[in-house]
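Colleague: Quick one: this structure, given as structure tokens, is what I'll be asking you about.
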Amino acid sequence: MLFRFSFPFTIRSFFISPPCILLFVLFSFTCFNSTEAYDPLDPNGNITIKWDIISWTPDGYVAVVTMYNFQQYRHISAPGWSLGWTWAKKEVIWSMMGGQTTEQGDCSKYKANIPHCCKKNPIVVDLLPGTPYNQQISNCCKGGVLSSWAQDQSKAVAAFQVSVGSASTTNKTVKVPKDFTLKAPGPGYTCGPATIVKPTQFLQPDKRRVTQALMTWNVTCTYSQFLAQRTPSCCVSLSSFYNNTVVPCTTCACGCQGNSSQSGECVDPDSPHLQSVVSNAGPGKSSITPLVRCTRHMCPIRVHWHVKLNYKEYWRVKVTVTNFNYGMNYSDWNLVVQHPNFDNLTQLFSFNYKAITPYGSINDTAMLWGLKFYNDFLMQAGPLGNVQSELLFRKDKSTFTFDKGWAFPRRVYFNGDVCVMSPPDAYPWLPNAGSRQVVSLLALVMSSLVALVLYADT
């Protein structure tokens, strides 16, 4: 026996009905994962923490913890990184080299040898430069500052040594810590669970012997700008030689004046009390809290892209980075710009350059940063709070044009954070020579008609 079901509505009418559209939208929000932590220009960028046990002790082990910043253009600035975790059992830290915990915790049950830290969830920070040599290990003591991988790989690594007690003493019984956290220096990083991997091998200084860690586990931390800050931190303004219009940063790009919960406090540059406000903001507040100049966009950083000159076979751009933040200097800053003509960059003035090619042969993204001891330090807001350079591109006749905003960047990052771009319809437009020709032709026709009429009257 066959059963036949009849539906009072068609499948098409079901999917276009308003209730079903609402259900589909709700389903989309709940089922699709956020991609905020994925950076298309640095898809493999992360901070990897490697925990190597190098020896066993009567009640635990000694480990070297190494932090690698594999992010191409996102570095860690002062006051530096802080790494935390939760012990799996009742472990304590007897001693450390190259780092220290921020708190000792309750060690009252120990009578003779007092541990360095007894907290269940310790937080470790780097030691400062100038630390005595007997407290240092290799790659330590940089004040928590890490360079990006593209800028300087030798300075993109940090390490400390830790002696752990009240722990297991074999590979099979030792418990890995959990709930790793990384601040650099503020929030933004999310760390995965510790994963036991193949033990690390170490090449000895004479390069004739290789030793091996007794046990190794890795932790991978990824960055999300959405988690790091509620509002953007930079914006882009545009101008060109062929149009008098200057496209400013969009209004309220990084917040609005009067809304300190979004953008932080702002300072009027014409205020007679400016110096006292700025000086009070330094030692008493965290340096990651912006104290910006009051502007329409309220961004700490503005990047200006000016199409400066046009030659027969080349064209020139001037890039200016301006700091509107009175509370922060940016050391080892960097800029990432995406534009299709970077594959024909001919000359760069007063900036370092490196091509970022996450997709192999496509060379449309450049990383720019300052020259050491010249302009690698972006001063706080004020007369000296800017750096600038000029870029000279060779024209590719198959793609080059000034029309439809082609000469402006597609995407801009400052210190690894995406900057707010103006909408494309606001870009400086190329004067339309065709419209002027139509007008002049019409004027010619009209003047000819008038001349004919006058000639006929005579």
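The values are calculated or read from the model by the stated rules, or taken from the named source; none is laboratory data. Everything numeric in this text was worked out from a predicted model, so none of it was measured. When we count neighbours, we look across all protein chains shown, and the Cβ atoms used for this are built from the backbone with ideal geometry, even at glycine. For accessibility, only protein heavy atoms count, side chains too; no ligands or nucleic acids. Shrake-Rupley method; radii C 1.70, N 1.55, O 1.52, S 1.80 Å.
Colleague: Let me check I've understood the local charge: for C221, count other residues with C-beta under 13 angstrom from its C-beta, Lys and Arg +1, Asp and Glu -1. What total comes out? Please list the in-between numbers first.
Modeller: Working: positive: K50, R74, K183; negative: D179.
Charge balance near C221 sits at +2.
Colleague: Can you compute 3J(HN,Hα) from phi for each residue in the range 101-118, using the Karplus curve 6.51 cos²θ - 1.76 cosθ + 1.60 with θ = phi - 60°, rounded to whole Hz and x for Gly and Pro?
Modeller: Here the 3J(HN,Hα) series is 7, 6, 9, 7, x, 8, 10, 5, 7, 8, 9, 9, 7, 8, x, 5, 7, 10 Hz.
Colleague: Another question, if that's okay. Kindly write out, for the range 44-61 in residue order, the coupling ³J(HN,Hα) from the Karplus curve 6.51 cos²θ - 1.76 cosθ + 1.60 (θ = phi - 60°), rounded to whole Hz, with x marking Gly and Pro.
Modeller: Once rounded to whole Hz, the list reads 9, x, 6, 10, 9, 10, 10, 10, 10, 7, 9, 6, 9, 10, x, 10, x, 7.
Colleague: Largest first, how would K318, K111, K183, K50 line up by accessible area (1.4 Å probe)?
Modeller: On the way: K318 65, K111 180, K183 115, K50 40 Å².
Ranked from most to least accessible, the order is K111, K183, K318, K50.
Colleague: Still on this structure, I have one more. Which chymotrypsin sites (Phe, Trp or Tyr not before Pro) does the range 333-382 hold that lie in a coil by DSSP with at most 14 other beta carbons within 10 Å? Walk me through the intermediate numbers first.
Modeller: Details: sites: W333, F342, F349, F351, Y353, Y359, W369, F373, Y374, F377; in loops: W333, F349, Y359, F373, Y374.
In loop regions of the range 333-382 (DSSP not H, G, I, E or B), the sparsely surrounded chymotrypsin sites (Phe, Trp or Tyr not before Pro) are F349, Y359, F373, Y374.
Colleague: Ok, one more. Search the structure for amide H atoms under 5 Å from the amide H of N334, placed 1.01 Å from N in the peptide plane, and list their residues when 5 or more places away or on another chain.
Modeller: Excluding prolines and chain starts, which carry no amide H, the hits are N415.
Colleague: Follow-up question, since we're still on this one. Please compute the net charge surrounding P248, taking Lys and Arg as +1 and Asp and Glu as -1 over other residues with Cβ under 12 Å from its Cβ. Could the numbers behind the result be given before it?
Modeller: Numbers: positive: R296, R302; negative: none.
Taking every Cβ under 12 Å from that of P248, the sum is +2.
Colleague: Okay, moving on. R0 = 56 Å: FRET efficiency of L348 with T170, Cβ-based, nearest 0.05?
Modeller: Working: r = 56 Å, r/R0 = 1.00.
The computed FRET efficiency comes out at 0.50.
Colleague: Would you pull out the residues with amide H under 5 Å of I137's amide H, same chain only if 5 or more places away, H placed 1.01 Å from N?
Modeller: G98
Colleague: Given 0.36 nm per residue, what is the gain on full extension from V210 to Y314 after removing their alpha carbon distance, in nm?
Modeller: Taking 0.36 nm per residue and subtracting the Cα distance, the gain is 32.1 nm.
Colleague: In a Debye calculation with equal point scatterers on the alpha-carbon sites of the range 316-399 and no solvent, what is log10 I(q)/I(0) at q = 0.14, 0.18 Å⁻¹?
Modeller: After summing over all Cα pairs, the log10 values are -0.53, -0.79.
Colleague: Assuming a viscosity of 0.890 mPa s and a temperature of 25 °C, what translational diffusion coefficient in µm² per second does Stokes-Einstein assign to the range 133-226, Rh being the Kirkwood radius over Cα pairs?
Modeller: Working: Rh = 16.2 Å.
In µm²/s, the coefficient is 151.
Colleague: Using a Förster radius of 22 Å, what is the FRET efficiency between I196 and Y110 based on their Cβ-Cβ separation? Nearest 0.05, please.
Modeller: Result of the calculation: an efficiency of 0.15.
Colleague: State log₁₀ I(q)/I(0) for the range 46-227 at q = 0.12, 0.16 Å⁻¹ as given by the Debye formula over alpha-carbon point scatterers of equal weight, solvent excluded.
Modeller: Scattering profile of the range 46-227, log10 relative to I(0): -0.56, -1.03.
Colleague: Over the range 46-227, with the other protein chains present, what is the accessible area per residue in square angstrom, probe 1.4 angstrom? Can you show the working numbers first?
Modeller: Values: 8980 Å² over 182 residues.
Heavy-atom SASA per residue in the range 46-227 reads 49 Å².
Colleague: Something else about it: Could you give me the ³J(HN,Hα) list for the range 136-151, computed from phi with Karplus coefficients 6.51, -1.76, 1.60 and θ = phi - 60°, whole Hz, x at Gly and Pro?
Modeller: Going residue by residue, I get 9, 9, 4, 6, 9, 6, 10, x, x, 8, 10, 6, 6, 5, 6, 6 Hz, with x marking Gly and Pro.
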